[in-house]
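Reading through the structure tokens given below for one structure.
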Amino acid sequence: MSGEGANEFAKKQGVKVEPDEYFFSQFRYNQWKAISGSDKYALDHSKTDESKHSKKFGTIGAVACDRNGNIAAATSTGGMTNKQFGRVGDSPIIGIGTYANNKTCAISCTGHGEPFIKAVAAYDVSCLMEYKGFSLEKAMNKVVMKKLVKIDGEGGMIGVDAKGNASLIFNSKGMYRGFCSSDGRKDIAIYK
């Protein structure tokens, strides 16, 4: 659901609704002013002179595997400035920006949504694992480094399989990411 239909549904479910002012961000407003009236857009992580001063931006994704091999994925987008009215990006679409299947993997994606939608990115990783027997890392590399690159899809994804193997793959200059396992393995990075 999107637009007024989503608003009406939320009201009927008793979801707390915030006024428009609650969502105001000076950073995003300035970003919009710089490109409004054009057909340009800016992603949540697009560079501007003040982006280094902004502490709140970007997609937040998480994947997890418990001791029983149950896996889960979640994705929250930072969004796109100057997007077409009514646009729904990849993050809220199951199988595109987020996907979890105990038989294969849990995936959370970040990047320019339209190519991820065309690639059915998150679900494609699961399919490569289920139908071709790919490992998590091999499937993610195929989708991110080959399939998305062919259609100018910039971004990446994080993933975990039911055995606890994790992978963090991206084709952009950087991707904020971190990993921690119950046996103490950790990895935190931004660039390659």
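Rule-based calculations on the coordinates, nothing more; no lab input. Because the structure is predicted, anything quoted here is derived from the model rather than measured. Using ideal geometry, Cβ is built from the backbone for each residue, glycine included, and neighbour counts are taken over all protein chains shown.
Figures for the structure shown
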quantity: Residues MET145, MET129, MET157, sorted so that the one with the fewest Cβ neighbours within 10 Å comes first; calculated: MET145, MET129, MET157
quantity: Cross-link pairs LYS142/LYS186; LYS132/LYS192; LYS103/LYS138; LYS103/LYS150; LYS150/LYS192 - those with Cα-Cα distance over 18 Å; calculated: LYS142/LYS186; LYS132/LYS192; LYS103/LYS150; LYS150/LYS192
quantity: Segment ASN171-ILE60, length gained on full extension (0.36 nm per residue, minus Cα span); calculated: 38.2 nm
quantity: Residues TRP32 and ASN102, FRET efficiency given R0 of 41 Å [Cβ-Cβ distance, rounded to 0.05]; calculated: 0.50
quantity: Longest to shortest principal axis, alpha-carbon extents of the range 89-149, angstrom; calculated: 29, 23, 14
